[in-house]
1. Give me a count of the residues in region 67-81 that are in contact with a Phe, Trp or Tyr (Cβ under 8 Å, 6 or more places away or on another chain) and either assigned to a loop (DSSP other than H, G, I, E, B) or buried (at least 16 other Cβ atoms within 10 Å of the Cβ) (or both).
2. In region 153-185, which residues are modelled with pLDDT under 95, open to solvent by 80 Å² or more (accessible area, probe 1.4 Å), farther than 21 Å from Asn2 by Cβ and of a type outside the set (Asp, Glu)?
3. Cβ-Cβ distance below 9 Å, separation of 6 or more or different chains: which pairs start in region 1-23 with a residue that is more than 18 Å from Asn172 (Cβ to Cβ) and end on one that is part of a loop (DSSP other than H, G, I, E, B) and small (Gly, Ala, Ser)?
4. Just a yes or no: is a residue in region 50-73 farther than 20 Å from Asn119 by Cβ, of a type in the set (Val, Ile, Thr) and within 17 Å of the chain's Cα centre (by Cα)?
5. Return the only residue of Tyr111, Tyr157, Tyr116 being out of contact with any Phe, Trp or Tyr (no Cβ under 6 Å at 6 or more places or on another chain), within 27 Å of Val86 (Cβ to Cβ) and outside any loop (DSSP other than H, G, I, E, B).
6. Could you please find all residues in region 46-66 being out of contact with any strand residue (DSSP E or B) (no Cβ under 8 Å at 6 or more places or on another chain) and surrounded by 20 or more Cβ atoms within 10 Å (Cβ to Cβ)?
Amino acid sequence: VNENYSEVLEKYAKMYGLDSKVLKAIAMHESGKNFQEVSQGGGYGLMQIQGSVCFNKPISAYNFETKQEETITVDQAKIFDLDYNVKVGSMIFANFLRNENYDIIKGIQCYNFGPYNMNKLMTYCQGKNLNNEYDWLNYRYLITGVDYKYVENVLSYIPDNSTLIFKKEDGNMVKLNIDNTRINDYSMGKVI
């Protein structure tokens, strides 16, 4: 992914305030270098855009180049165009991050779960006595038909001791330090 698609992934990471390391890791986990494929689950292209959920529907994200909200309707006819596919995936991820109040771990998981399943999980966890902000990760197995270890799988492509940096619409930065040696006990980092 880094060798073949780095330029387009970095372009849209910058445009939508995303950390390019995470965008590359998502692309790698979703499809690797097979960007012209449709998965068994109905995902299209490098970023595995879910046709049943996204086609002919609007998606919005804040564009840091134009300094305004951008909305597009996801066009199935263009989904295998690499540039368009990465743009759509980047906008979806940026939108999920914003909806999750820039909780990076939730935003990453939401890219796989989708907002419906993420809300379902978080509603379930409200009734639990969670000890820390990442305890909800222990309940992901309750959501069927998804990659409940998605966060760990995506972050495994990012080197230890990396700092992920995301830009919010107000110009503030959200950072997350990654320690992959602790992923399996759900201690993935600390938001600073």
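The values are calculated or read from the model by the stated rules, or taken from the named source; none is laboratory data. On a predicted model such as this, the values are computed, not experimentally measured, just so you know. Because the Cβ atoms are built from the backbone with ideal geometry, glycine has one as well, and the counts that use them run over all protein chains shown. Just the protein is used for accessible areas: all its heavy atoms, side chains included, with ligands, DNA and RNA removed. Shrake-Rupley method; radii C 1.70, N 1.55, O 1.52, S 1.80 Å.
1. Taking region 67-81 and keeping what is in contact with a Phe, Trp or Tyr (Cβ under 8 Å, 6 or more places away or on another chain), we get 68-70, 74-76, 78-80.
Restricting the remaining residues to those that are either assigned to a loop (DSSP other than H, G, I, E, B) or buried (at least 16 other Cβ atoms within 10 Å of the Cβ) (or both) gives 70, 74-75, 79-80.
Adding up the residues that qualify gives 5.
2. If the condition is that a residue be modelled with pLDDT under 95, open to solvent by 80 Å² or more (accessible area, probe 1.4 Å), farther than 21 Å from Asn2 by Cβ and of a type outside the set (Asp, Glu), then Thr181, Arg182, Asn184 are the ones that fit.
3. If the second residue must be part of a loop (DSSP other than H, G, I, E, B) and small (Gly, Ala, Ser), the pairs left are Val1/Ser31; Val1/Gly32; Lys21/Ser162.
4. Applying the first criterion (farther than 20 Å from Asn119 by Cβ) to region 50-73 yields 51, 55-56, 62-73.
From what's left, of a type in the set (Val, Ile, Thr): 66, 71-73.
Imposing the further condition that a residue be within 17 Å of the chain's Cα centre (by Cα) reduces the set to none.
No, region 50-73 has no match at all.
5. Just a single option satisfies the conditions, and that option is Tyr116.
6. Leu46, Met47, Gln48, Cys54
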